[in-house]
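Here's the structure, in structure tokens; my notes come after.
The values are calculated or read from the model by the stated rules, or taken from the named source; none is laboratory data. Treat the numbers as computed from the prediction; the structure is a model and nothing was measured. As a convention, Cβ positions derive from the backbone with ideal geometry for all residues, glycine included, and neighbour counts pool all protein chains shown.
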Amino acid sequence: MNVTYSDKRRKRILELVIEAYVSTALPVGSQLLAHKLRSGLSSATIRNIMADLEEAGYLEQPHTSAGRVPTDRGYRYYVDAVMDLQHLSAEALREFEGRLEPMEYDVDRLLECAGALLVEFAQQAAFVVAPSVKKSTVKQVEFVPLSLRKLLCVMVANEEMVASHIVEIEEPMSRDEAAALSRFVNTELAGLEFASLLISLERRMLSQTDSFYHIVKRALQILQDALSTEPNERFLLQGTRVIIEQPEFSRDPKKAHELLKGLDAEETLVERMRQDLAADSVQVRIGKEVKIPELESCSYVIAPFSFGHDHEMVGGIGVIGPKRMDYLRLRALVEGMGRCLSHCLNLWEQA
């Protein structure tokens, strides 16, 4: 829709239809819009404009005697050209960060907490996408003693994916010893795939004459322990119940069944989300754009989060729910949570 001065009324009416439908989950009629506009436009004039919007593909009429509801195209135009972009307030960001920062040194706990916060604030299901380091090459490994028998192992891949695991160790390790072990791994093994890293260390173990034998042995034990608990892929979905309770699905068991079936297509969904994360910015996918037939009644909003001095993308966080969602508010929440996750991960790197 090319918006000229004469199109402003159509643009405003589309905006009001979407906002009213998001609020009520009921088709929107001309009388309601006349009341909201308070501009002197008659219901007949508004009906004509709504008919134009329907003909252009931005609205549809579910029943002959009902009002109109937005189409995928209508939502897309609203997201791209109508709604004003908003950002979370500094106060809201501080609240998020305050509730995330205590999740020290545990990526899985941090991501789970971030998802739970999004469910709480957005009242939609939340998800986190974070590829495993297992499928990547070694960029950096750091060992940090936490106590006499506990060591933090932080693994960073070349694609800037990050994982952290607390490992139980048999012998105490000083900070100097941990730093030396980190230097050895980063000097000798950087560039190897994590899958090959253990094999390389095992081969060196076979050579009793290797001057680094004891260092190799210790590195192997710690990395074996850390990688044994690292998943092949991270896709964390929380708050499915919140979607099921939305009117679109609670009133229609068949739709609810389709929704759950679509959410089970995890591999396809993650692949679609990875394509969005490649843009390294907040993305909104509406209805058929999700590219999973069972999720055509849904939309999602996804934002990247980063790690390291270069602020490269390491994963994504977002919300998924019915197309009838408050895109303006949810986009701000998701973007803010992505920024908070990046902040927390970078604090770990500086620690």
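A few points about this structure:
- Residues that are touching a residue at least 40 places away in the same chain (Cβ under 8 Å) and either out of contact with any Lys or Arg (no Cβ under 7 Å at 6 or more places or on another chain) or within 30 Å of ARG329 (Cβ to Cβ) (or both) do not occur anywhere in region 203-217.
To keep it simple, each residue is scored yes or no on (1) touching a helix residue (DSSP H, G or I) at 6+ places or on another chain (Cβ under 8 Å); (2) at pLDDT below 95; (3) under 30 Å from GLU202 (Cβ atoms); (4) not hydroxyl-bearing (Ser, Thr, Tyr).
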position	(1), (2), (3), (4)
SER228	no, yes, yes, no
PHE235	yes, yes, no, yes
PRO247	no, yes, no, yes
GLU266	no, yes, no, yes
LEU269	yes, yes, no, yes
LEU277	no, yes, no, yes
LEU295	yes, no, no, yes
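- Every residue from region 225-257 that is closer than 20 Å to GLN123 by Cα, in contact (Cβ under 8 Å) with a residue 12 or more places away in the chain and among the polar types (S, T, N, Q): GLN238, THR240, GLN246
Conditions (1) crowded, with 18+ Cβ neighbours inside 10 Å; (2) hydroxyl-bearing (Ser, Thr, Tyr); (3) in contact (Cβ under 8 Å) with a residue 24 or more places away in the chain, marked per residue:
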| residue | (1), (2), (3) |
| --- | --- |
| ALA20 | yes, no, no |
| SER23 | no, yes, no |
| PRO27 | yes, no, yes |
| LEU37 | no, no, yes |
| GLU55 | no, no, no |
| LEU59 | yes, no, yes |
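- All positions within region 325-344 that are over 14 Å from ALA122 (Cβ atoms) and of a type in the set (D, E, K, R): ARG339
- Scan of region 102-155 for residues that are at pLDDT below 80 and either crowded, with 20+ Cβ neighbours inside 10 Å or more than 22 Å from the chain's Cα centre (by Cα) (or both), ordered by number: VAL107, PRO131, VAL133
- Here region 61-80 is the region considered, the condition is being aliphatic (A, V, I, L, M) and over 30 Å from LEU117 (Cβ atoms), and the residue that is surrounded by the most Cβ atoms within 10 Å (Cβ to Cβ) is VAL69.
- Qualifying residue in region 73-95 (condition: on the phi < 0 side of the Ramachandran plot, in contact with a His (Cβ under 9 Å, 6 or more places away or on another chain), in a loop (DSSP other than H, G, I, E, B) and touching a residue at least 60 places away in the same chain (Cβ under 8 Å)): no
- Any pair with Cβ under 8 angstrom, 6 or more apart, that starts in region 308-324 at a residue that is surrounded by 19 or more Cβ atoms within 10 Å (Cβ to Cβ) and in a loop (DSSP other than H, G, I, E, B) and ends at one that is at pLDDT 70 or above and among the charged types (D, E, K, R): LYS323/ASP72; ARG324/GLU248
- Close pairs from region 165-185: first over 21 Å from SER228 (Cα atoms), partner at pLDDT 90 or above and in a loop (DSSP other than H, G, I, E, B), Cβ under 9 Å, at least 6 apart: none
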